[in-house]
Every structure is written in C-alpha cells, then in structure tokens.
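The structure appears right after this line, and notes come after that.
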Amino acid sequence: MEVRVIVAGMKLIPHPRSTTLLLAIDLVGTGLFAAEGASVAVNARLDLLGVLVIAIVTATGGGIIRDVLLGDAPPSSMRDWRYFSIALVAGASVFLVHSATHFENSSLITLLDAAGLSFFAVAGAAKAVQFGLTPLLCIMLGGITGVGGGAIRDVLISRVPMVLRGDIYATAALLGAAVTVICLRLKVPPAIASSLGIVSCFVLRMLAVHFHWNLPGAVPANPS
Amino acid sequence: MEVRVIVAGMKLIPHPRSTTLLLAIDLVGTGLFAAEGASVAVNARLDLLGVLVIAIVTATGGGIIRDVLLGDAPPSSMRDWRYFSIALVAGASVFLVHSATHFENSSLITLLDAAGLSFFAVAGAAKAVQFGLTPLLCIMLGGITGVGGGAIRDVLISRVPMVLRGDIYATAALLGAAVTVICLRLKVPPAIASSLGIVSCFVLRMLAVHFHWNLPGAVPANPS
Amino acid sequence: MEVRVIVAGMKLIPHPRSTTLLLAIDLVGTGLFAAEGASVAVNARLDLLGVLVIAIVTATGGGIIRDVLLGDAPPSSMRDWRYFSIALVAGASVFLVHSATHFENSSLITLLDAAGLSFFAVAGAAKAVQFGLTPLLCIMLGGITGVGGGAIRDVLISRVPMVLRGDIYATAALLGAAVTVICLRLKVPPAIASSLGIVSCFVLRMLAVHFHWNLPGAVPANPS
C-alpha cells in the first residue's frame, strides 16, 4: 500500500525509482569513470589499494552527491552491489594491464573522462527531472553529478580539480544536462533525450580539448 | 492532510519550513558569499566558469551541508531557484567588474566574508533550533554552516582553509550562533535574535582582523 | 503508533536505532580519533581552535558520512551531544598536555589511529547490517566509516590522505568490517562479533606498520 505523507513539512510523492534506462546510464558511466580514475591513480604511482579507492571514488562520487542532494538515501550505489563491483573490476583491470605493459595513454584518459562526464551529467539531470525539481536546478544537478566524482578524486590526490582548470569542462556537462532536460520537457522519448544529451556533452568536450577552446579569463594571458 | 509517521525508527514532526525571515537571511548570505568567493577566484586567475563555480560553491556549500546534516533534503538551494540565480548574478558581476577595472581589494573581500559568515552562522543556528536540536548542537551547526562553504572553496583552490588559519574565524561564527540560540531560548523575537547574532559575529570577526587577535598556538612563535 | 510508509518509492522499515553496544563503540572511537586528530594538528602547529576543529572533524567525519549515506539524518553526532563533548574534551586535553610538555610521540598517534580505525570500521559495518544493506555494501560502508574522518582531516591540512599512502590502511578497515559482518551473519552475539572485528583490524594494521607491509605498487620502487 502506498500512502502520501507529509514528512518534515514537505510533501513526498512516491515516484518511479531508477528506471531501467537510468540504471543503465548510471552503470555505464560508473565503469567509464572507474577506468579513468584508475588510470589517473596509476600515473600518480599509487599502490593497488590506492588505485581501487580512487576508481571507486571517481565512479561513485558524483552519483552519491546527486542522491544525497535529492534526499534519495541510501544512494543507488549503496543499495545495488553492481556499482561497486563494476568499479572494482574496472579499477583492478586497469591496474593489471598497466603493471603488465606500463602503458600510459593520456588521450585514452581524456576520452574515458569525456564519456563518463556525459553519462553522469545526463543521469543527474534525468533523475532530478524524475524528482520534480525545476528545470534550472535539474541542469545544475546534472552538472554537479558529472563533475562531482572527478572533483573529489582530484582533491584526494592534490590536483587542482579539472572543473576549475581552463578548458570547457563543466560547461559541457551543463550543456548535456540542458539538452536532456529540454528534450524531456518537449516529450521526446527518454532514450532519445538521454542519447542527445550524452552526445552533445561528449562532442563539445572533445572539440574543446582538440581545439584548446577556453572561456574568457579574468585577466589577459599573463601567467603568474 | 498531515500525518505523523515513524520513519526509520525516528519520530518526524512536521515543522514550519524556512520562514520568511530565515529565507531572507539565507539569500542575503548567499549573495555576500558568492561575491566574496568570486573575488577570491578572480584573484586566483580562474576563468569565467571557474569563477562561477567557486561563487556557487562558496555561496551554497554551507547551507547544503546544514540541510544534509538536518536531513532536510533536497537542500533549500536545490528547491528554490533563487539561491543559484543570486549566486550566478553576483559571481558574474564580480567577474565583469574585475575584467573592466582590474580592481583588487582585499579589504572588501574580508568585509564580504565576515558579513557572509555572520548571516550563515545565524541561519544555521536558527534552522537547527526549528528542527529541535539541543542548544549545543544548534551552535555547532551554526558554526559549520558559517565556515562550510568557504572551507570547500579553499580546498578546491588548494588554500589552507580560513577556519584553520591563525585568526578568530570559527570562533566568531560560534559566537553569532550562540547569541542567536540563547536569545531564541529567552523568547526574544526571531528578527531581533537573528540581528543580534549577526552583529556579534561580524563585530568580533572585524575586530579580530583589525587588531590581529589570535587564539593561543600550541607552541610559541617559532615558524617552521 | 508506527506506520509503514512508502516514502520516495522505497519501503522504509522501522528499525532499532543505535543499540547501546553500537553507541558505546561509536563513542570510544570518537574519543580515540579526536585525540589522534588533535595530536596531528598540534604537530602541524595549528592554534587552539584549529586543533579543536581538526579533533572534531576527525572524530565525527566518518560517522557523519556513514549516517548521511544510510539516510539516517540528522547523524548520530548531531542528535547526541556526547559525541561533540567527547571530541572537544579529548582535543583540548591533547592541546594542553602538549603545550605543557612539548611531547611529540608519533608511535602514540599511530596506535590511537589504528584503534580509532578499528572501532569505526566495526561501527560502520554493524550499523549498515542493522539497516539491511547487502553484505558487500556493509563491508564497504565499514571501510568508508573507518577512513572517512581521517581523509577529511588530511585534505583540510593538505596531507595526502592516509588511505592513499603505501601501507595497509583501508585494507585493515575492510578486514575488520568483513569479520564483523560474517560473524553477525553466522549469528555470533553482537558483542563478540564486534570485538573480533575490532581486534582483527587493529592487529592487521599494527603488524603492517611494524613490518612495513605494502600492497603491490603499479611500478617497481623507483620513487618519482
């Protein structure tokens, strides 16, 4: 039996929870970001456990922030063992391949990162739409979900977070989220709306990397 | 219809949610901290998006931590588009003014920061009182709300958080929170209680900055 | 009256909340980590307030992350004034003793840290079992609870978090959590299950420190 209740002064309406589509997007993004995080950790010469920790943080951080902000606790990755398992397998695989081959490929990292960013930005925006947030906030939450895991990773390994560095990173996440939210408002079927969002984010990010696009800086180029 | 329910073993009592006064304090603090965060980001030579990200993080971070800790999810700034809009407008304005004038004024930053700290410390304490926490915890939560956004900002741009540096910073937030909590317990009208809290925090902080007041250090001044 | 309700699409089942045993483990861990965090802060030459902030963050951080992830808000340490009080008293005592004696003992810090890690890993795992998470996730949450407070502390004072450094740290937390979860599944009485978990984590951690055990690194020992 379902009852509508007022909890903490707020009307909570039962809503469909993690549709299959959203779950699929989430899990693909988890694998991509785990592999990317593990590659960054391997390049930073961490040991096996450090690599696995960074893989898990990068892969689940954004989704955990999203779910905590939406009040959907425990977060998806705490209710479903597949998130952690995928992150562990992806992280361990990267570690093993790297130990065997000493392969370092920063282009591959950039590619995995752009793909993970796209999937998570869309997953964040789509879940916020399900939870009935206003469009502006859905787009913000998509952006936060996309950049969150990577930001925690960068803070842990003492890098300036990607989101604060010069190129178009959060902008791509916000674009992907905006495309998804607008499409969903226009009643485009969810699978198509999500795909368009993922593609726009990915394409903008890769173009920005390739052509070194930057947003205007506060001061003209005199590096301090 | 409102029902009292036992959720997760805990009695949740419907309570008034963000009174107009609390909302006003929250929004003023948001604008102050957004302007302050953007100024810090501009001085750190971030680009436009970096400045906006830092403005948003500084302005909403403390309140988000407060609401997550109170179990009031989604946080206020995720339910009400005005928080993000104010933060974006304040951040963009600082960026534009700075680009046009190359104006750097660290006294202004200190002033904005002290004001933001005061508003958020009081907002945190007042909201915790509404949620029925014990006085000690209301004061702690006021302190956390005041220093939270700035601490995340400082971690992101790799500065030692203000709260850990030598001068009286968290102490001022705790004072403002304590004044507010005590006044509310003494049935002082909320508007007066909040004003007294804001003024005490602000005055202590500015006096500490002006006279270089410090708390005792663990070891006498032999800088390492 | 207790009613079972569907909130946000999820069935919430009333569960016993912080048994006396869990509370005791939590409070002991809080004191241990507060003393350890304060010692680290004193060595980093922070002033009194900085030492207290770090003591509180280290002592309550892991439990707050655990409770937020479990959806148990406000977190235990926000509902029960004893957490903050213990952390404050432990932090202030360390500060005073150190000011009087200039005593620095890194072996003591290591010991306090290993003990705190053990208590929190078990508290995290046991609470997750109470909340009905799957065994794998209970173990992960135990690990997160154990290492969480220390990780936030290290980020605040700009150290590479312990969990990412070479020796067996998170592994010990995961072992303690796993022993507890397995014992509880085998119907071992909670007090014994917890004790076994605490001892296994503590012993593994101290052995690793003593014999300099490390997990395999991605590249053979050529320090960069």
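The values are calculated or read from the model by the stated rules, or taken from the named source; none is laboratory data. Everything numeric here is computed off the predicted structure, so don't read it as measured data. Glycine also receives a Cβ, built like all others from the backbone with ideal geometry; neighbour counts cover every protein chain displayed.
Brief remarks on what is shown
- Residue within the stretch A:33-40 that is closer than 25 Å to A:L184 by Cβ and at pLDDT 85 or above present: yes
- When the stretch C:28-70 is filtered for residues that are surrounded by fewer than 24 Cβ atoms within 10 Å (Cβ to Cβ) and of a type in the set (K, R), only C:R45 remains.
- The residue that is surrounded by the fewest Cβ atoms within 10 Å (Cβ to Cβ), counting only those in the stretch C:121-162 that are touching a Ser or Thr at 6+ places or on another chain (Cβ under 7 Å) and within 11 Å of another protein chain (Cβ to nearest Cβ), is C:V160.
- Taking (1) surrounded by fewer than 24 Cβ atoms within 10 Å (Cβ to Cβ); (2) modelled with pLDDT of 90 or more; (3) more than 21 Å from C:L70 (Cβ to Cβ) in turn, A:V94 satisfies each apart from (1).
- Considering residues of the stretch B:80-95 that are at the interface with chain A (Cβ under 10 Å from one of its Cβ atoms) and under 17 Å from B:R45 (Cβ atoms) only, the residue nearest to the chain's Cα centre (by Cα): B:V94
- Conditions (1) under 24 Å from A:K187 (Cβ atoms); (2) in contact with a helix residue (DSSP H, G or I) (Cβ under 6 Å, 6 or more places away or on another chain); number of the one not met by A:F131: (2)
Residue-by-condition table, conditions (1) without any contact (Cβ under 8 Å) to a residue 24 or more places away in the chain; (2) more than 23 Å from B:W81 (Cα to Cα):
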residue	(1), (2)
A:A126	no, no
A:V179	yes, no
A:C183	yes, no
A:S200	no, yes
A:H210	yes, yes
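- Test for C:A100: is it modelled with pLDDT of 90 or more and hydrophobic (A, V, I, L, M, F, W, C): no
- Residue within the stretch A:96-106 that is touching a residue at least 40 places away in the same chain (Cβ under 8 Å) and within 14 Å of chain B (Cβ to nearest Cβ) present: no
- Across the stretch A:134-170, the qualifying residues are those that are of a type in the set (S, T, N, Q) and touching a helix residue (DSSP H, G or I) at 6+ places or on another chain (Cβ under 6 Å), and the one among them that is farthest from A:R185 (Cα to Cα) is A:T145.
Residue-by-condition table, conditions (1) facing another protein chain (nearest Cβ under 10 Å); (2) within 10 Å of the chain's Cα centre (by Cα):
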| site | (1), (2) |
| --- | --- |
| A:V28 | no, no |
| A:L32 | no, yes |
| A:G37 | no, no |
| A:V42 | yes, no |
| A:V53 | yes, no |
| A:T58 | no, yes |
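- For the stretch B:163-214, filtering for residues that are of a type in the set (V, I, T), under 28 Å from C:A41 (Cα atoms) and within 14 Å of chain C (Cβ to nearest Cβ) leaves 3.
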